[in-house]
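Have a look at the structure below, then the notes.
The values are calculated or read from the model by the stated rules, or taken from the named source; none is laboratory data. Nothing here was measured: the structure is a model prediction, and the numbers come from that model. Neighbour counts run over all protein chains shown; Cβ positions are idealised from the backbone, glycine included.
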Protein chains: 4
Amino acid sequence: MATVKDFNWDKGMTVSELVARFGHIGFQSIELAKASETIVKMKKASAKIYLTFTSNMVTSGLRGFFAQLIALGMADVLVTTAGAIEEDIMKANGEKFLVGDFSAHDVALYEKGVNRVGNIYITNEQYARLENAMLPMLSKLYGKEKRWAVSVLLREIGLMVNDPCSILYQAARHEVPIFCPAITDGSLGFHLFLFQQKHPDFVVDVVADFRNILLSSSHDDVKGLISLGGSISKHHAILACLLNGGLDYAVYMTTARHTSGSMSGATTSEAKSWGKVKDDSDAVTVIGDVSITFPLAMVRALEVLSSEGVVKNA
Amino acid sequence: MATVKDFNWDKGMTVSELVARFGHIGFQSIELAKASETIVKMKKASAKIYLTFTSNMVTSGLRGFFAQLIALGMADVLVTTAGAIEEDIMKANGEKFLVGDFSAHDVALYEKGVNRVGNIYITNEQYARLENAMLPMLSKLYGKEKRWAVSVLLREIGLMVNDPCSILYQAARHEVPIFCPAITDGSLGFHLFLFQQKHPDFVVDVVADFRNILLSSSHDDVKGLISLGGSISKHHAILACLLNGGLDYAVYMTTARHTSGSMSGATTSEAKSWGKVKDDSDAVTVIGDVSITFPLAMVRALEVLSSEGVVKNA
Amino acid sequence: MATVKDFNWDKGMTVSELVARFGHIGFQSIELAKASETIVKMKKASAKIYLTFTSNMVTSGLRGFFAQLIALGMADVLVTTAGAIEEDIMKANGEKFLVGDFSAHDVALYEKGVNRVGNIYITNEQYARLENAMLPMLSKLYGKEKRWAVSVLLREIGLMVNDPCSILYQAARHEVPIFCPAITDGSLGFHLFLFQQKHPDFVVDVVADFRNILLSSSHDDVKGLISLGGSISKHHAILACLLNGGLDYAVYMTTARHTSGSMSGATTSEAKSWGKVKDDSDAVTVIGDVSITFPLAMVRALEVLSSEGVVKNA
Amino acid sequence: MATVKDFNWDKGMTVSELVARFGHIGFQSIELAKASETIVKMKKASAKIYLTFTSNMVTSGLRGFFAQLIALGMADVLVTTAGAIEEDIMKANGEKFLVGDFSAHDVALYEKGVNRVGNIYITNEQYARLENAMLPMLSKLYGKEKRWAVSVLLREIGLMVNDPCSILYQAARHEVPIFCPAITDGSLGFHLFLFQQKHPDFVVDVVADFRNILLSSSHDDVKGLISLGGSISKHHAILACLLNGGLDYAVYMTTARHTSGSMSGATTSEAKSWGKVKDDSDAVTVIGDVSITFPLAMVRALEVLSSEGVVKNA
């Protein structure tokens, strides 16, 4: 059995060394080290990897990391929400979000046309420019087809995007489908509505995408999940994997607690009662802010995998 | 300015008296008393009331309370997730969920065919019976139309349900639309998929429902929100109200924290930066488990409103 | 096995009825109902009841409730922190604390001489008047003895206090010892220090009080704990009971989570590994703000106990 | 104003580089980067640095890091709880704690004599050996003096300890006082009690230590606080600094939330209303598990400070 070991600073310590030592510190640092190890295992087992995240993570600088992970072959299927799609496109179009303050004076921000997401600011102008970008893209899509499964539509948008740091860009070029079961829940929904007003035969087919996510893996595939945050993104990936026999590897990273029975806070243990996570799977829950825990766990995993030649270098 | 007052037990104390005294205890009890008062105000101002909740609350016994609130005129628009729809139908069909244990042995539950949601148990048989119930309903709907906006489809289902304690039943009978932007994210999605496999022209039109929720209130309406839990349900109602000029009254009840920039934890203050909540609105956030905080705040509000003749008695 | 039941509002519903129904709603409402039942059981088993709370609960209106519970025989031993002692005395001297705002402008408050504890305000003047009250009390005590065990000193102070809503007042009159292992951690510490500067032979003997809390129950006593919040108060009571063979009944009410290995978040399950809580005990943890959960659980318990003649009416 | 930047993995990335990029990711990663910068600033301003932590952090591998920080001159005053003292001595005597499991079967652990602290295990034998170690140390102290201020007693114990990874060892050798206002709240309290039974004139003087912590800095000193976790340790350091004019720099790292009015969750903003933190101070609160957040923030600070020659290399 592993022992707790005194942690010490060594000059020039790498992230990989730190996370290795986390396994001997205690509490969530131990769980984080386990999560990193589970990511290594799922990749080495050639698992089909489902990566899910909420839109605020795309508001944050994790957006570029998600794109890099797709390029490195660390994600085979994505599930997210409408806000993530919008903000990925905004950033691909050159928008810069600002580092702000959790305790800003919100009415003052409003008067300046600044919208706050925690300690990140987005301006009204940035949203207005998204509006201008969406219409030509939707028109082009409509020229091809009238009825679109969501993931197919997002793939086409990804092919129109011209930014290698974009999630949509990399996903489209690496055959990684992006599922977004609540595609209308954002300004994207508003743009789709405006477009449908003029083109009533334009249809976004969410049911067809249920078929697509079901077919994204089979009972025979080894399946792994990296779920960041909670909500629909987490649930949808788990549901698809449940219907295909359950997950072999699962990493949940969240701040939500299990005590209120929510999906966001549901643990990998609860998932076993459903068969969502197989009873002999490697499964770990890390409690903490994903902006901190995910880069740590994933950077360590990438260092290990690249040293073993499983992923190429950055 | 109000003062903190020593709380004392009086024999036979009513819920309404307790919540009134909460306003003088401290911390979240004060916020809960404010939330209750805000609900009273929004109703007396004839606000259009948006009530949002996550599916685990329908797993719980709050389900019957939501149905009662619709019947009492305390909710004009609902927003929720697929699981809530499924479980409301299951309960309408007579299924009883069991009170269980947060720390159950989950693998043992799995082997018995029991699925755990926090401390509530649902069996595999109960889900199987839902499957049998869905097909005839979908067939009937398909006989009427091929293309359905989600809220219209849910209204039709509600008319087929025969249980006054059902949310769908009461909503259908009181012209209260139920919006469910991620309708496929549940076993409902699976049933819709199976149906579409046989009937490829069957379409669930989520974009049309964006129009419907936009039209569910106008700029001129006074608008109030009671948001229970976070996720898409919360965001979707706020988004619709933002596009119609923002909320005049807002009550958020959640366990999520604001420190990670998630929608679930976003405060009414953050909402003001967006114009989601008007800067002079009555807005309050109560931190705590909704299974406790919501009955308290709402029962007190109902007692006040019924004593003033604004709502009829239970 | 109990089932989940639809909750409904009935006009005039009492707190006791609500908490009874909580047992069938779900999530923390179920745990709260169990906590209430556990309090009933410990009292009916004539357990020695340890009640622990942090100082912010005495800042709040729960202070008068704690005093009432002592008078009703619902607490046999108290453990708390220095701030709780100070603020109980301040309130006994007529100080009124104000209901304020969590999101107040703190620098502006500072300039007005207002100190914020969450959403409660205390003024500098109120602290200054405490200073004036402490010196004569300490002088009187010093006239009797030079060396004081903390709980004995607090009993003497309680006898000088003249307010039936005071914890110190009721505890002194009902032979309920108050333990305060960190007696110097507050302005009380400062007053003791000033006094000792003039009277170097004045000693507060914390080791003697360890003996006193050990002797506050025996191995043979049935022992129950109601722990509100975390910290030293919780730990100290548990430690004393562990040394006397462990608890037969335990109710923990807290907002802290178990995931960081802290005492504040430690569960009754973890306590079993230590023998702090006996393995066949009735033990329950309720997650939520104590200003809401404790009055609910305790009022229900009091109603049941008074209806059975175990406690006298309020 | 800083902008959000896409994060990317670079092979061999150091902890210092990661934390620098955290400043551009979002949410708590930004606050963590600020905390690290604030630690750099307080050290470069020659602030008197107060470091506070709860006992579970000494259960964890952070214990050796605290000792190293004292040796490096990064902490001038410590405040902690009794458990931290005990476990530092146990580890100095060679005890190894085990890495365990949050969801262990606690009754089974109890039967094996294993005590669980989150996911760390300590055995009954390890506690028994502490008992044997304490008596000779207390006897030796008693030979010198009958009445001991806590910090003076802990310094003497530190001089008897022979392990450079020990907090007590390094503190004693670097003139860093350790304050422990609740010294009896642990098995240490039990040993002190046993000793006092035989030697009634043995006194632990907590009031004298209030004087000592007051004199640990002056109004003129620049003062900085690094508070890990909450509870008495946090409060006591803040109180001492308040009485000396308030803090110039403050870093709070905790998992507690501010919404219940507890000291553990109290923010640096609330502290400003009291004058605990000066209104123009550098103050930052990082929400997350300290076993992860503290090594990150501090390692980055040490790298910066050592590159500038302010601290010596590890």
Exercise for review: Collect the residues in region A:150-165 that are in contact with a strand residue (DSSP E or B) (Cβ under 7 Å, 6 or more places away or on another chain) and more than 22 Å from A:His236 (Cβ to Cβ), keeping them in residue-number order.
Suggested key: none
Review point. Just a yes or no: is a residue in region A:131-145 under 15 Å from B:Thr184 (Cβ atoms), within 12 Å of chain B (Cβ to nearest Cβ) and of a type outside the set (Val, Ile, Thr)?
Key: no
**Study point:** Verdict on B:Ala33 being within 25 Å of D:His258 (Cβ to Cβ) and small (Gly, Ala, Ser)
**Key:** yes
Check your understanding: Here are some conditions: (1) more than 9 Å from chain D (Cβ to nearest Cβ); (2) of a type in the set (A, V, I, L, M, F, W, C); (3) surrounded by fewer than 24 Cβ atoms within 10 Å (Cβ to Cβ); (4) in contact with a Leu (Cβ under 7 Å, 6 or more places away or on another chain). C:Val310 meets all but one. Which one does it not meet?
Key -> (4)
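Can you give me the ranges of the helices (runs of 4 or more DSSP H) entirely in region A:23-77 with at least 2 residues that are surrounded by fewer than 23 Cβ atoms within 10 Å (Cβ to Cβ)?
So the answer is A:28-44, A:62-71.
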Exercise for review: For region B:85-95, state whether one or more residues are more than 8 Å from chain C (Cβ to nearest Cβ), without any contact (Cβ under 8 Å) to a residue 40 or more places away in the chain and either surrounded by 24 or more Cβ atoms within 10 Å (Cβ to Cβ) or not in a loop (DSSP other than H, G, I, E, B) (or both).
Suggested key: yes
Exercise for review: Starting from residues that are more than 10 Å from chain B (Cβ to nearest Cβ) and in contact with a strand residue (DSSP E or B) (Cβ under 8 Å, 6 or more places away or on another chain), keep the ones in region C:276-290 and report whichever is nearest to B:Thr14 (Cα to Cα).
Suggested key: C:Val284
Review point. For region D:166-199, what are the residues that are over 20 Å from D:Ser233 (Cα atoms), out of contact with any Ser or Thr (no Cβ under 9 Å at 6 or more places or on another chain) and at the interface with chain C (Cβ under 9 Å from one of its Cβ atoms)?
Key: D:Gln196, D:Gln197
Revision key, fill the gap. Those residues of region A:269-289 which are over 16 Å from C:Ser260 (Cα atoms) and either aliphatic (A, V, I, L, M) or surrounded by fewer than 24 Cβ atoms within 10 Å (Cβ to Cβ) (or both) amount to A:Ser269, A:Glu270, A:Ala271, A:Trp274, A:Gly275, A:Val277, A:Lys278, A:Asp279, A:Asp280, A:Ser281, A:Asp282, A:Ala283
Review point. Going through region B:57-106 one residue at a time, which ones are basic (Lys, Arg) and under 19 Å from the mean Cα position of the chain (by Cα)?
Key: B:Arg63, B:Lys91
**Study point:** Residues (farther than 19 Å from B:Phe179 by Cα and touching a helix residue (DSSP H, G or I) at 6+ places or on another chain (Cβ under 6 Å)) located in region A:189-198
**Key:** A:Phe195
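Residues are listed down the side, and each one gets a yes or a no for (1) under 20 Å from the mean Cα position of the chain (by Cα); (2) without any contact (Cβ under 8 Å) to a residue 12 or more places away in the chain; (3) in a helix (DSSP H, G or I):
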{"position": "B:Glu156", "(1), (2), (3)": "yes, no, yes"}
{"position": "B:Ile183", "(1), (2), (3)": "yes, no, no"}
{"position": "B:Pro200", "(1), (2), (3)": "no, yes, no"}
{"position": "B:Ala208", "(1), (2), (3)": "no, no, yes"}
**Study point:** Residue within region B:225-238 that is more than 11 Å from chain A (Cβ to nearest Cβ) and either surrounded by fewer than 24 Cβ atoms within 10 Å (Cβ to Cβ) or modelled with pLDDT under 95 (or both) present
**Key:** no
Check your understanding: From A:Ile238, A:Ile213, A:Ile226, which residue is part of a helix (DSSP H, G or I), under 21 Å from A:Phe294 (Cα atoms) and touching a strand residue (DSSP E or B) at 6+ places or on another chain (Cβ under 8 Å)?
Key -> A:Ile238
Check your understanding: From the list C:Ala104, C:Ala33, C:Ala47, C:Ala67, which one is at negative phi and modelled with pLDDT under 95?
Key -> C:Ala104
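Can you tell me which residue in region A:1-22 is nearest to D:Ala297 (Cα to Cα), limited to those that are of a type in the set (Gly, Ala, Ser) and in a loop (DSSP other than H, G, I, E, B)?
A:Gly12
Please find, among C:Val99, C:Val150, C:Val77, C:Val117, the residue that is in contact (Cβ under 8 Å) with a residue 12 or more places away in the chain and away from every other protein chain (no Cβ under 12 Å).
C:Val77
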Exercise for review: Restricting attention to region D:102-114, report how many residues are away from chain A (no Cβ under 11 Å) and assigned to a loop (DSSP other than H, G, I, E, B).
Suggested key: 4
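So is B:Thr293 more than 10 Å from chain A (Cβ to nearest Cβ), among the hydroxyl-bearing types (Ser, Thr, Tyr) and closer than 19 Å to C:Gly118 by Cβ or not?
It is true that B:Thr293 is more than 10 Å from chain A (Cβ to nearest Cβ), among the hydroxyl-bearing types (Ser, Thr, Tyr) and closer than 19 Å to C:Gly118 by Cβ.
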Study note, to complete from the structure: How many residues of region A:138-147 are touching a strand residue (DSSP E or B) at 6+ places or on another chain (Cβ under 9 Å) and free of Cβ contacts under 8 Å to residues at least 24 places away in the same chain? The answer is 1
Point to revise | Selection from region D:107-124 of residues that are of a type outside the set (Val, Ile, Thr) and over 19 Å from C:Asp280 (Cβ atoms) | key: D:Gly118, D:Asn119, D:Tyr121, D:Asn124
Point to revise | Flag for A:Asp185 being among the charged types (D, E, K, R), buried (at least 19 other Cβ atoms within 10 Å of the Cβ) and modelled with pLDDT of 95 or more | key: yes
Check your understanding: Can A:Ala256 be described as away from chain B (no Cβ under 14 Å), in contact with a Ser or Thr (Cβ under 6 Å, 6 or more places away or on another chain) and among the hydrophobic types (A, V, I, L, M, F, W, C)?
Key -> no
Study note, to complete from the structure: A:Glu17 vs (1) under 28 Å from D:Thr59 (Cα atoms); (2) facing chain D (nearest Cβ under 10 Å); (3) buried (at least 24 other Cβ atoms within 10 Å of the Cβ): all pass except (3)
Revision key, fill the gap. Across (1) in contact with a Phe, Trp or Tyr (Cβ under 8 Å, 6 or more places away or on another chain); (2) over 30 Å from B:Gly265 (Cα atoms), A:Ala240 clears everything bar (2)
